[in-house]
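This report concerns only the one structure given below.
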Amino acid sequence: MSHHDPEKALRLADGDCRLLLVQDQLQPCPYLAGVTARMPLRLPVGPVNPSVTDQLLAMGYRRSGDFVYNTVCPACSECMPTRIEVERFRYTASMRRVLKRGNRELTCEWGKPRVDAKRVWLFNLHRNKRGLSQGAGELDLEGYRMFLADSCCDTQELAIWLNDELVAVAIVDTGAISFSAVYTHFDPHAMKYSLGTYALLRQIEYAIETGRKYLYLGMYVAENRHLNYKARFQPQQRLVDGQWLDIADSNR
């Protein structure tokens with residue numbers, strides 16, 4: 001898989017922003033067992049305006065806290081950045097049911113990311129119940145802030161409530177023409193609402209309402225059960241050898 005020179009590409013869009021390399025080493029892959037990964041971590045220096053956010057996303061970058069990263073793994077190209085062109089998105093019958101039920105029984109609220117004990121508790125519950133902790137300890141308030149609330153770009157939070165109970169939080173980066181689904185955590189005990197799917201469907205709706213073209217879903221990895229669900233959102237594009245390609249339903 002070929003990869004762009006991020007500093008050169010960024011200067012084309014905004015000469016005031018560049019990416020400073022802060023960490024670049026081989027590591028165990030967080031997505032596939034027994035695979036060696038290389039995911040350079042970079043700090044944007046200068047303003048990350050909405051057009052820069054769009055360009056970073058189009059180049060396959062993801063954000064973690066104040067930093068951005070991409071995958072340049074030595075012997076594996078299973079991680080494929082994935083996006084939806086929201087106006088072309090097709091709802092399945094089950095997705096329409098999820099949306100209809102959620103809209104009837106849940107309340108959604110968009111705002112700036114918040115950090116409080118309830119959100120941290122929900123994050124740790126979701127991670128532990130779904131086997132996502134990979135042996136890591138529970139996140140505290142500061143860890144949650146650094147991972148999800150601190151951001152180098154404009155970031156919003158979609159909070160989803162059942163009556164007076166917070167049941168899901170989705171963190172979303174916003175560009176001029178793009179949204180990026182950064183991370184969603186939810187109460188596993190509210191399974192009947194399919195909260196992960198519902199949160200994405202609401203992001204698609206919000207992207208259309210606000211005139212965005214793309215919703216970026218992050219990495220698709222066929223052999224990772226926590227990431228391969230993204231294939232259900234069709235039609236979609238994946239970044240392969242530096243090019244965004246339409247992925248047919250039959251090639252999920």
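Residues satisfying the criterion are absent from region 216-227 (criterion: closer than 24 Å to Pro30 by Cα, part of a helix (DSSP H, G or I) and in contact (Cβ under 8 Å) with a residue 60 or more places away in the chain).
Of all positions in region 50-69, none carries a residue that is outside the structural domain of Ala181 (by TED's automatic domain parsing), modelled with pLDDT under 90, of a type outside the set (Ser, Thr, Tyr) and within 21 Å of Ile171 (Cβ to Cβ). Can you tell me which residue within region 1-37, out of those that are out of contact with any Pro (no Cβ under 9 Å at 6 or more places or on another chain) and of a type in the set (Gly, Ala, Ser), is modelled with the highest pLDDT? The residue in question is Ala33.
The condition (being outside any loop (DSSP other than H, G, I, E, B), of a type in the set (D, E, K, R), over 17 Å from the mean Cα position of the chain (by Cα) and on the phi < 0 side of the Ramachandran plot) is satisfied by just one residue among Arg83, Arg96: Arg96. Pro113 passes every criterion in (1) in a helix (DSSP H, G or I); (2) within 30 Å of Lys213 (Cβ to Cβ) apart from (1).
Here's the yes/no breakdown for (1) exposed (fewer than 14 other Cβ atoms within 10 Å of the Cβ); (2) at pLDDT 95 or above; (3) part of a helix (DSSP H, G or I):
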| site | (1), (2), (3) |
| --- | --- |
| Lys100 | yes, yes, yes |
| Cys108 | no, yes, no |
| Ala168 | no, yes, no |
| Tyr198 | no, yes, yes |
| Leu201 | no, yes, yes |
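For region 219-243, a tally of residues being within 15 Å of Gly60 (Cβ to Cβ) and either surrounded by fewer than 17 Cβ atoms within 10 Å (Cβ to Cβ) or of a type in the set (S, T, N, Q) (or both) returns 6.
The values are calculated or read from the model by the stated rules, or taken from the named source; none is laboratory data. Note that the structure is a prediction, hence the values are computed from the model and not measured. Positions of Cβ are generated from backbone atoms using ideal geometry, with glycine treated the same way; all protein chains shown enter the neighbour counts.
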